[in-house]
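The structure under discussion appears below in the form of structure tokens.
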Amino acid sequence: MKIKKELLLFFPWVVIFALAFYIYILKEENTQLRESLPSLCTGDRIDYFMLTGTDGSAVDTRDIDTDDGKTFIIFIFESPCSSCNKSIPVWNKITSEAGNNSRVFGIISEGREKAAEFSESGVAKFNLFTPLDRQDFLKRLNIRINLPQTIVYRNGKIIFIRLGELQLDDYLQIKKIISPGI
């Protein structure tokens with residue numbers, strides 16, 4: 001009888017310990033998920049940063065923060081990156097379908113030499129730039145993980161953002177934005 005009583009007292013502690021451990025695991029997973037999400041969201045403005053073209057020309061992103069209705073499609077990536085490589089054909093297709101009221105460019109974060117090398121390879125059919133200050137760029141956009149980002153920006157606000165490889169439905173959404181009559 002004494003053993004049964006001790007078991008009855010021991011059982012609640014096991015349950016409490018198991019629940020505490022489960023809560024700890026859930027909290028850790030939640031933190032990882034939160035940190036993996038893009039910090040930019042639809043409706044946000046992009047903080048200003050400076051870019052350098054493969055030819056050495058400087059671009060201030062304040063130039064894209066206009067209310068003239070022009071659409072800017074920005075691809076942010078690193079090379080090599082398997083998700084980036086899978087997105088490039090879709091990005092090229094978007095670039096070829098973008099009309100006169102759209103400007104498409106890629107930002108490769110590793111530096112001007114890497115961007116020039118990538119540009120010369122002919123894989124990307126869009127203009128490539130690199131951040132003038134990589135750390136400042138990553139901080140301003142709160143890029144936390146090495147996955148491609150696709151951002152569509154119009155009238156001073158993000159109207160589409162996707163972290164990771166683009167899927168068919170993402171492409172169709174962007175196509176509707178850049179070709180509204182379709």
Can Leu138 be described as outside any strand (DSSP E or B), surrounded by 18 or more Cβ atoms within 10 Å (Cβ to Cβ), within 16 Å of the chain's Cα centre (by Cα) and hydrophobic (A, V, I, L, M, F, W, C)?
-> no
If you check Thr42 against the conditions, is it loosely packed, with under 13 Cβ neighbours inside 10 Å, closer than 20 Å to Ile178 by Cβ, among the polar types (S, T, N, Q) and in contact (Cβ under 8 Å) with a residue 60 or more places away in the chain?
-> yes
Any residue in segment 50-61 that's at negative phi: show its pairings with residues that are among the small types (Gly, Ala, Ser) at Cβ separation under 8 Å, as long as the two are six or more apart or on different chains.
-> Met50/Ala58; Leu51/Ala58; Thr52/Ala58; Thr54/Ala115; Thr54/Ala116; Thr54/Ser119; Val59/Gly53
Specify which of the listed residues (Ser83, Ser96, Ser119, Ser87) is within 18 Å of Ser179 (Cβ to Cβ), assigned to a helix (DSSP H, G or I) and not aromatic (Phe, Trp, Tyr).
-> Ser96
What are the residues in segment 122-135 that are not in a helix (DSSP H, G or I) and not β-branched (Val, Ile, Thr), if any?
-> Gly122, Ala124, Lys125, Phe126, Asn127, Leu128, Phe129, Pro131, Leu132, Asp133
Test: Val123 is more than 15 Å from Phe49 (Cα to Cα), crowded, with 19+ Cβ neighbours inside 10 Å and modelled with pLDDT of 80 or more = no
Within segment 47-55, is even one residue in contact with a strand residue (DSSP E or B) (Cβ under 7 Å, 6 or more places away or on another chain), farther than 18 Å from Tyr171 by Cα and among the acidic types (Asp, Glu)?
-> no
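From Ile73, Ile94, Ile108, Ile151, which residue is more than 22 Å from Met50 (Cα to Cα), touching a strand residue (DSSP E or B) at 6+ places or on another chain (Cβ under 9 Å), surrounded by 15 or more Cβ atoms within 10 Å (Cβ to Cβ) and not polar (S, T, N, Q)?
Answer to the check: Ile94.
Table: residues versus (1) farther than 16 Å from Gly164 by Cα; (2) not basic (Lys, Arg).
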residue: Phe75; (1), (2): no, yes
residue: Ser82; (1), (2): no, yes
residue: Pro89; (1), (2): no, yes
residue: Glu110; (1), (2): yes, yes
residue: Ala115; (1), (2): yes, yes
residue: Phe118; (1), (2): yes, yes
residue: Gly122; (1), (2): yes, yes
residue: Lys125; (1), (2): yes, no
residue: Thr130; (1), (2): yes, yes
Ile174 vs (1) at pLDDT below 85; (2) assigned to a helix (DSSP H, G or I): all pass except (1)
Quick one: which residue in Thr71, Thr95, Thr61, Thr42 is under 17 Å from Asp133 (Cβ atoms) and among the polar types (S, T, N, Q)?
-> Thr61
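The values are calculated or read from the model by the stated rules, or taken from the named source; none is laboratory data. Just so we're clear, the structure is a prediction, and the values are computed from it rather than from any experiment. Because the Cβ atoms are built from the backbone with ideal geometry, glycine has one as well, and the counts that use them run over all protein chains shown.
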